[in-house]
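Below is one structure, written out as structure tokens; comments come after it.
The values are calculated or read from the model by the stated rules, or taken from the named source; none is laboratory data. What you see is a predicted model, and the numbers here were worked out from it, not measured in a lab. We place every Cβ from the backbone using ideal geometry, glycine too, and count neighbours over all the protein chains shown.
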Amino acid sequence: MNLKEEKYNKYALVREMMETPEIIRSFKPEAAEKFVAAVKKGKALFLTGEGSSRIFPAKRAICSSLKKKFATPVITEGCTQAEEYDLSDYVVFAASNSGQTKEVVRLTTALKNYKHPAVFGLTANPNTKLEEIATGTHILNCGKENAVAATKSVIEQGLFYDALIRKVMGEKMEGLKDLAEKTEQALTIKIDPAITEIIRKASIIYFAGRNNGVAEELALKTNEITRKKSAFLEGTFAVHGIEEVMDKSEVVIWMEPFSAEQEKFNECLVRGVGLNIIAVSTKKTMFPTIIIPDGGQYAEYVQLAAGWNILVETGVSLGINLDKPTRARKVGNEYIPE
């Protein structure tokens, strides 16, 4: 996709996606500094929210923290289930772009009533119910999103958690200029029309890959952007039973495939089921592959941007209004004051 052609630039969704490189480039890691002392006092870090405000930012943070041997456990769960947990020893971050998500408001209110000392908000809007309740709040700099599907805010939420963990560890957050350039490349890579056609015709679009938020977030975006059914197949889930009910009309988009598992996926899904597998990777695979830049320690951001590119191309080819799904709402379940 690009901003030069009217078939792309007429959509707020595309324009907001294309703002992402500059958001990365201008991100200030010191924004997380004021929360560091509280995190160090807690026994664990709990990252919550609903939908896109949790899937990529929280799961990428967990994956990154495990790779870094981050001493503080990082955990995530949706807000309603989290109400059943004892979070007294956790430092809680609740993300809601609107600051008005009902589940987020309900959980943070409950924690406040229990006099929890460390419940922080992450939102794109000032003066919200979440900010009113939270112990402290960080307001994102990405600005308002007009498209229903959240995009640039998801990236900035991820960067904030990334900066927070690094600050707690005493690490510097470097390389954002390079990440911005690679993200822009991923957003603008020309997708082979033959690949777009395979995805466009698919009855179900599966996203497979690591449990780092990328494939799962793209599965959600598939519903909002292409109006097609989708599912996230974590790790090697795709070859552990679901192949029994798959058929050749479906497609699997595999984000940075595991080298050791490619032959098994080919055996079970391509030869066994007869469906297509499309790989998104920094290197060639045994499947049709969309080659993307290597983001290194920030690889997940580049992968997510590439996935957006694929979905936009698919949505445009289907003639869909990318900004306005029929049923999906900008705030999935909004808090309404009584």
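If the condition is being β-branched (Val, Ile, Thr) and touching a residue at least 60 places away in the same chain (Cβ under 8 Å), then the range 207-239 contributes Val214, Thr222, Ile225, Thr226.
Could you list all residues from the range 140-164 that are touching a Lys or Arg at 6+ places or on another chain (Cβ under 7 Å) and over 24 Å from Pro293 (Cα atoms)?
To start, the set of residues in the range 140-164 that are touching a Lys or Arg at 6+ places or on another chain (Cβ under 7 Å) comprises 142, 145, 148-149, 158.
Once the filter is applied, which keeps residues that are touching a Lys or Arg at 6+ places or on another chain (Cβ under 7 Å) and over 24 Å from Pro293 (Cα atoms), the range 140-164 yields Glu145, Val148, Ala149.
Answer yes or no as to whether Leu107 is surrounded by fewer than 18 Cβ atoms within 10 Å (Cβ to Cβ), under 19 Å from Val39 (Cβ atoms) and not charged (D, E, K, R).
Numbers: surrounded by fewer than 18 Cβ atoms within 10 Å (Cβ to Cβ): no; under 19 Å from Val39 (Cβ atoms): yes; not charged (D, E, K, R): yes.
The answer is no for Leu107.
Considering only residues of the range 225-261 that are outside any strand (DSSP E or B) and acidic (Asp, Glu), which is surrounded by the fewest Cβ atoms within 10 Å (Cβ to Cβ)? Restricting to residues being outside any strand (DSSP E or B) and acidic (Asp, Glu), the top hit is Glu244. Inspect all residues belonging to the range 210-224 and state whether any of them is touching a Pro at 6+ places or on another chain (Cβ under 8 Å), modelled with pLDDT of 95 or more, under 16 Å from Ala299 (Cβ atoms) and in a helix (DSSP H, G or I). For the range 210-224, residues touching a Pro at 6+ places or on another chain (Cβ under 8 Å), modelled with pLDDT of 95 or more, under 16 Å from Ala299 (Cβ atoms) and in a helix (DSSP H, G or I): absent. In the set (1) assigned to a helix (DSSP H, G or I); (2) within 30 Å of Ile225 (Cα to Cα), Val36 fails one condition alone, (2).
Restricting attention to the range 79-105, which residues are of a type outside the set (A, V, I, L, M, F, W, C), closer than 25 Å to Ile155 by Cα and either part of a strand (DSSP E or B) or touching a residue at least 24 places away in the same chain (Cβ under 8 Å) (or both)?
If we filter the range 79-105 for residues that are of a type outside the set (A, V, I, L, M, F, W, C), which is where we start, we get 80-81, 83-86, 88-90, 96-103.
So of that shortlist, the ones also closer than 25 Å to Ile155 by Cα come out as 80-81, 90, 96-103.
Across the range 79-105, the qualifying residues are Thr80, Tyr90, Ser96, Asn97, Ser98, Gly99, Gln100, Thr101, Lys102, Glu103.
Across the range 54-95, which residue is modelled with the highest pLDDT among those that are of a type in the set (A, V, I, L, M, F, W, C) and exposed (fewer than 14 other Cβ atoms within 10 Å of the Cβ)? Taking the candidates together, the pick is Leu66. For Lys177, the conditions (1) under 30 Å from Tyr8 (Cα atoms); (2) outside any loop (DSSP other than H, G, I, E, B); (3) out of contact with any Lys or Arg (no Cβ under 7 Å at 6 or more places or on another chain) all hold with the exception of (3).
When the range 244-256 is examined, which residues are found to be without any contact (Cβ under 8 Å) to a residue 40 or more places away in the chain and more than 15 Å from Ser203 (Cα to Cα)? Scanning the range 244-256 gives a single hit, Glu244.
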